[in-house]
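The values are calculated or read from the model by the stated rules, or taken from the named source; none is laboratory data. What you are looking at is a predicted structure, and each value in this text was computed from that prediction instead of being measured. Neighbour counts are summed over all protein chains in view; Cβ atoms, including those assigned to glycine, are modelled from backbone coordinates with ideal geometry.
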2 protein chains.
Amino acid sequence: MEDKSKTYRTSLTPLSFLERSARVYAEKTAVIYNEKRYSYRELSERVNRLASALKNNGLQAGDRVAFLCPNIPAMLEAHYGILQVGAILVPLNIRLSSTEIKYLLNHSGAKFLFVDTEFSSVIEPILAELETVQHIINIQDLSDGKPLKGQEYESFLASGNPEPFSFHVEDEEATISINYTSGTTGNPKGVMYTHRGAYLNALGEGFASQFNSESVYLWTLPMFHCNGWCCTWGVTALGATHVCLRKVDPEEIWKLIEQEGVTHLNGAPVVLTAMLNHADRPKKLKKSLTITTAGAPPSPTLIEQIREIGAKVVHVYGLTETYGPHTICETQNHWADLDAKEQALLFARQGVAYVIADPVRVVDEQMQDVPADGKTLGEVIMRGNNVMKGYYQNPEKTAEAFQGGWFHSGDMGVMHPDGYIELKDRSKDIIITGGENVSSIEVEQAIYRNPAVLEVAVIGVPHEKWGEAVKAFVCLKEGAQITEKELIEFCRNEIAHYKCPTTIEFTTLPKTATGKIQKFVLREKEWAGQQRKI
Amino acid sequence: MEDKSKTYRTSLTPLSFLERSARVYAEKTAVIYNEKRYSYRELSERVNRLASALKNNGLQAGDRVAFLCPNIPAMLEAHYGILQVGAILVPLNIRLSSTEIKYLLNHSGAKFLFVDTEFSSVIEPILAELETVQHIINIQDLSDGKPLKGQEYESFLASGNPEPFSFHVEDEEATISINYTSGTTGNPKGVMYTHRGAYLNALGEGFASQFNSESVYLWTLPMFHCNGWCCTWGVTALGATHVCLRKVDPEEIWKLIEQEGVTHLNGAPVVLTAMLNHADRPKKLKKSLTITTAGAPPSPTLIEQIREIGAKVVHVYGLTETYGPHTICETQNHWADLDAKEQALLFARQGVAYVIADPVRVVDEQMQDVPADGKTLGEVIMRGNNVMKGYYQNPEKTAEAFQGGWFHSGDMGVMHPDGYIELKDRSKDIIITGGENVSSIEVEQAIYRNPAVLEVAVIGVPHEKWGEAVKAFVCLKEGAQITEKELIEFCRNEIAHYKCPTTIEFTTLPKTATGKIQKFVLREKEWAGQQRKI
């Protein structure tokens, strides 16, 4: 709790970022969305309207407000307006089904639900089953969206007051957002973020991606994912410009990069792969562009493609439970002396903790640090200001995740002699074949080196003799051709034979809303009726 | 107090910055000093040795350790080694007299005193009068320095342990440094900094000057001044390189900028003026250089000179009580459309609070905000994480400074319609002549526009009829010539006649250790025997 008598202490809160930019950069463009342009003054006024309208409609501190909305201005406004009231933002993944959304709304106990009309049809069937939602606000961004019964966003804002909304953050450890994990097994868990954690992580993103007031940030990463890695706050902190993007579409992305002078964007490698394999990709960018990527290690091929067009890659790693990115693969001066392949291998590592984070560890089952030999597998664990407060109304899972005073990521990795971590897999992504541990990531990296391959996912499939066998699901580039036999042969030249796939299926890959390949979908199919923790 | 059971909370402390850089940038150059090069591993080992040696010699948490030392590696090491023990660093201004130093040592109750042998002669006469100092450590950087009785720094380090020193910051609001103000009237006051404040301000400097791991920072600003504006910590945070500098010497500065590839330096305008008027100034710099300046508004001439050589100027403002810089004159895109003179006027303003600071205010005597009209004079007040904890063992002065829950800077300024503050003067620097308030800064800026002028200080002097008259003390550039009459005439073309000096004295100007012109020295002489709050 903050001692208000202290002249020398103010609660850390990301709300201070918008307050400052609205003051300092009042007339500067804060948000670009299609033809719309909001200055920081206008953004702030819209946020104040949202906060006061919510308050007028009975929202109280600690209440939850859910948003089912793509990367449009309303979603950014939610990150400030709701918090100003002292309430908690619950961003919902727009790819979820009605049943899943129903669970999240009831579990979070959301009092307000804001829905982009594209997703009315997701809500409509569950309306009668929502236990706590009292108000629905329709966000009518698409002209053809069919609204639910309830107010419309712009008229809701119009009912509010644009004057500065007086807020006071008494406890910097109060919850500001609940981000539900995708929950591939069991029920989704609600990851709680605090003012303090979000403030520090936003600054951390600022240093990692080197934002400044000249930056123009394109929203290729969903804001509903870890509050957009806290860039909803971090970009605002530096008085930079947000470029909203309703839908990830490579053509639109390249157009906006050119047209709006985009300097920064974030995305999983699959999003970047789609961008870089698109016909509109320029040969050379006219302006500097920093692409920060996470979710999977960028393949050497991808890194090369990004550098070819003159962009800079930043490789980071984290989880929903760590406010998004938590480690960064800081580049070292002496890497410049290595050849491109060696550099790419070093750069594919997840790296070291952010400036604002505590050191990460890789530990064995007794929570002892594994040797820093780049070989011994252990679990990656974290703690500190950039670790979630806990899972909302789930003390059991919270205690489990926080065993021994550290957050257990469930990611398996090694510690290199230079202190950089490298993920080898989610524990469930390790394939055990004939008693050997095979890292599915390693096999994927090998297959990615083949120029015909666009995307690949490797899993273990049931095998009578070996327990599991290695299987690859491959999506080829447009027009590319290669046979299963040729690709397996290619692999055998790259990695140990026992690690190579025994079968390859050419197909498209199932993905999450944030572009992560959903291996569990592939596994479910392969393991149907058999025992494996998917 | 930190709750250690919280996985999601770690105390904010600048100690984490060195811990991280020693891990991440182990073999990178952390410190350059003449022929010496310390990697981050070596710096960290030296710091660990310092901490353990201090502990072995009886230093305990909360104890004070004084350093009388220029900008050499030992001074940087002090900023970590002492804090690791939980003790408090007391940096001493190397220009102070024996009597002044005696007061600071006794007032702070320093247990250890580290002295660069250049300053042995300052300590020697007061040795018998030091009430609390138990250990003296001589820093033998100069070959001809005569040590006092006590250990030598390098052998003291050798007695310590280079292995990681285990530290734990339980309370992030614990005091880490006491920085004494120069105290132009009354006794010096000991400004207390905390872990939390220093951590946040260090990050703030990172954003203000845009540090990254490639930065090379030249120590033109004394480390004993606000802990080098917290750059002792901020430069380390980003894994950048410190270039130590024993003495501010323009020739040496230009040599180091070229030789070591310096990208950043900080200094008061007088230091920059000396640099830019030196024969070794290059026509164009080969590498980008950011010069962050505070202490007085940079004159339009100075800004132009800096830009001419291809460097970037950042104008910041603060006080010892605000961890050094607290506001920054953020540049706005639309300023580019204005002519150079208008731009310079906007840029000479002190600006807006740092990203990590609370908004600053300009208030009248009832602590009401003055109108944001750029005209109404008021006092600049601050609060928040980047305001000192208080004055050490001086509750009375602390209460006085913190009246109404805000820190009273004593600086008089205006609030412009765009939310930028502009200092008009320390309250005592306002000249009241014939009932009119004259800002001495405004008169100085006018005189600076004359190309013959190197430096100027304007004060009020006693005048029978008008109460005070305006007097200027001017130091001309080498070889330049201008008469008193000509310069007054020049002034009358620039500003209102009543603001122009009635007398001008050509002389050299008295300065503080940090290069600030000491107007009180000039005033003391002029007001000898008369009533004025100097």
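For the stretch B:148-166, indicate whether the set of residues that are within 25 Å of the chain's Cα centre (by Cα), under 23 Å from A:Gly384 (Cα atoms) and within 14 Å of another protein chain (Cβ to nearest Cβ) is non-empty.
Restricting attention to the stretch B:148-166, the residues satisfying the condition of being within 25 Å of the chain's Cα centre (by Cα) are none.
No, the stretch B:148-166 has no match at all.
What number goes with the only condition from (1) within 30 Å of A:Gly206 (Cβ to Cβ); (2) in a strand (DSSP E or B) that B:Met412 does not pass?
(1)
Quick check on the stretch B:454-466: of everything there that is in contact with a strand residue (DSSP E or B) (Cβ under 6 Å, 6 or more places away or on another chain) and over 13 Å from B:Lys519 (Cα atoms), which residue is surrounded by the fewest Cβ atoms within 10 Å (Cβ to Cβ)?
Filtering first and then ranking leaves B:His463.
Residue pairs, Cβ under 7 Å, 6 or more apart or interchain, first in the stretch B:302-322 and under 23 Å from B:Phe224 (Cβ atoms) and assigned by TED's automatic domain parsing to the domain that holds B:Phe347, second surrounded by fewer than 21 Cβ atoms within 10 Å (Cβ to Cβ) and at pLDDT 95 or above. List them.
From residues that are under 23 Å from B:Phe224 (Cβ atoms) and assigned by TED's automatic domain parsing to the domain that holds B:Phe347, the pairs are B:Val314/B:Thr290.
Do we have any residue at all in the stretch A:182-205 that's among the polar types (S, T, N, Q) and closer than 22 Å to A:Ala51 by Cβ? Working first, answer last.
Filtering the stretch A:182-205 for residues among the polar types (S, T, N, Q) gives A:182, A:184-185, A:187, A:194, A:201.
Restricting the remaining residues to those that are closer than 22 Å to A:Ala51 by Cβ gives A:194.
Looking through the stretch A:182-205, at least one residue is among the polar types (S, T, N, Q) and closer than 22 Å to A:Ala51 by Cβ.
List pairs: first residue in the stretch A:20-37 and under 23 Å from A:Ile253 (Cβ atoms) and within 14 Å of another protein chain (Cβ to nearest Cβ), second residue part of a strand (DSSP E or B) and among the basic types (Lys, Arg) anywhere in the structure, Cβ distance under 7 angstrom, at least six positions apart or on different chains.
A:Thr29/A:Arg37
Here are the criteria: (1) surrounded by fewer than 21 Cβ atoms within 10 Å (Cβ to Cβ); (2) in contact with a Phe, Trp or Tyr (Cβ under 9 Å, 6 or more places away or on another chain); (3) over 29 Å from A:Gln403 (Cβ atoms). Tell me which single one B:Gln60 does not satisfy.
(2)
Please determine, by comparing only the residues of the stretch B:381-397 that are facing another protein chain (nearest Cβ under 9 Å) and without any contact (Cβ under 8 Å) to a residue 40 or more places away in the chain, which one is farthest from A:Thr13 (Cα to Cα). Steps first, please.
The initial filter retains those residues of the stretch B:381-397 that are facing another protein chain (nearest Cβ under 9 Å), namely B:382-390.
Now narrow it down to the ones that are without any contact (Cβ under 8 Å) to a residue 40 or more places away in the chain: B:383-384.
Working: B:Arg383: 15, B:Gly384: 12 Å.
Residue satisfying both the conditions and the ranking: B:Arg383.
For the stretch B:233-244, give me the residue count where each residue is closer than 21 Å to B:Thr512 by Cα and crowded, with 24+ Cβ neighbours inside 10 Å. Can you show your working first?
Just the residues of the stretch B:233-244 that are closer than 21 Å to B:Thr512 by Cα, to begin with: B:244.
Still in the list and also crowded, with 24+ Cβ neighbours inside 10 Å: none.
The number of residues fulfilling the criteria is 0.
Of all residues in the stretch B:106-131, how many are farther than 17 Å from B:Leu96 by Cα and in contact (Cβ under 8 Å) with a residue 60 or more places away in the chain?
Going through the stretch B:106-131 one residue at a time, the tally reaches 0.
For B:Val271, all conditions in the list (1) out of contact with any helix residue (DSSP H, G or I) (no Cβ under 6 Å at 6 or more places or on another chain); (2) surrounded by 22 or more Cβ atoms within 10 Å (Cβ to Cβ); (3) under 17 Å from B:Arg307 (Cβ atoms) hold save one; what is the number of the exception?
(3)
For the list (1) within 14 Å of chain A (Cβ to nearest Cβ); (2) surrounded by 15 or more Cβ atoms within 10 Å (Cβ to Cβ); (3) closer than 29 Å to B:Thr175 by Cβ, I need the number of the one condition that B:Asp411 fails.
(1)
Only one residue in B:Ile504, B:Ile517, B:Ile482, B:Ile431 is over 30 Å from B:Leu96 (Cα atoms) and either in contact with a strand residue (DSSP E or B) (Cβ under 8 Å, 6 or more places away or on another chain) or of a type in the set (Val, Ile, Thr) (or both). Which one? Show your work before the answer.
On the way: B:Ile504 fails: over 30 Å from B:Leu96 (Cα atoms); B:Ile517 fails: over 30 Å from B:Leu96 (Cα atoms); B:Ile431 fails: over 30 Å from B:Leu96 (Cα atoms).
Exactly one residue qualifies, and that residue is B:Ile482.
Return the residues of the stretch A:359-380 that are within 14 Å of chain B (Cβ to nearest Cβ) and either basic (Lys, Arg) or in contact with a helix residue (DSSP H, G or I) (Cβ under 8 Å, 6 or more places away or on another chain) (or both); say none if nothing qualifies.
A:Pro359, A:Arg361, A:Met367
I'm trying to understand the selection: among the residues of the stretch B:111-139, which are among the hydrophobic types (A, V, I, L, M, F, W, C) and out of contact with any strand residue (DSSP E or B) (no Cβ under 8 Å at 6 or more places or on another chain)? Don't jump to the end; show me each part of the working.
Of the residues in the stretch B:111-139, the ones among the hydrophobic types (A, V, I, L, M, F, W, C) are B:112-115, B:119, B:122-123, B:126-128, B:130, B:133, B:136-137, B:139.
Hits for the stretch B:111-139 are B:Ile126, B:Leu127, B:Ala128.
When the stretch A:440-450 is examined, which residues are found to be touching a residue at least 60 places away in the same chain (Cβ under 8 Å) and either of a type outside the set (D, E, K, R) or assigned to a strand (DSSP E or B) (or both)?
Within the stretch A:440-450, A:Ser440, A:Ile441, A:Gln445, A:Tyr448 qualify.
Inside the stretch B:38-57, can you point out the residues that are within 14 Å of another protein chain (Cβ to nearest Cβ), in contact with a strand residue (DSSP E or B) (Cβ under 7 Å, 6 or more places away or on another chain) and either polar (S, T, N, Q) or surrounded by fewer than 22 Cβ atoms within 10 Å (Cβ to Cβ) (or both)? Walk me through it before giving the result.
Looking only at the stretch B:38-57, we keep the residues that are within 14 Å of another protein chain (Cβ to nearest Cβ), and these are B:39-41, B:44.
This time we only want the ones that are in contact with a strand residue (DSSP E or B) (Cβ under 7 Å, 6 or more places away or on another chain), so: B:39-40.
Result: B:Ser39, single match.
Considering each of A:Thr194, A:Thr132, A:Thr181 in turn, give the residue that is in contact with a Lys or Arg (Cβ under 8 Å, 6 or more places away or on another chain) and within 14 Å of chain B (Cβ to nearest Cβ). Reasoning before the result, please.
Numbers: A:Thr132 fails: within 14 Å of chain B (Cβ to nearest Cβ); A:Thr181 fails: within 14 Å of chain B (Cβ to nearest Cβ).
Going through A:Thr194, A:Thr132, A:Thr181 in turn, just one is in contact with a Lys or Arg (Cβ under 8 Å, 6 or more places away or on another chain) and within 14 Å of chain B (Cβ to nearest Cβ): A:Thr194.
Is there a residue being under 22 Å from A:Ala274 (Cα atoms) and of a type in the set (Asp, Glu) anywhere in the stretch A:470-479?
Taking the stretch A:470-479 and keeping what is under 22 Å from A:Ala274 (Cα atoms), we get A:472-479.
Subsequent filtering for residues that are of a type in the set (Asp, Glu) retains A:478.
Yes, some residue in the stretch A:470-479 is under 22 Å from A:Ala274 (Cα atoms) and of a type in the set (Asp, Glu).
Is it true that A:Ala340 is within 12 Å of another protein chain (Cβ to nearest Cβ) and either closer than 14 Å to A:Glu205 by Cβ or free of Cβ contacts under 8 Å to residues at least 60 places away in the same chain (or both)? It would help to see each step written out before you state the result.
Details: within 12 Å of another protein chain (Cβ to nearest Cβ): no; either closer than 14 Å to A:Glu205 by Cβ or free of Cβ contacts under 8 Å to residues at least 60 places away in the same chain (or both): yes.
Criteria not met by A:Ala340.
Of the residues that sit in the stretch B:227-243 and are touching a Phe, Trp or Tyr at 6+ places or on another chain (Cβ under 6 Å) and assigned to a helix (DSSP H, G or I), which one is farthest from B:Ser16 (Cα to Cα)?
Per the criteria, the residue is B:Val235.
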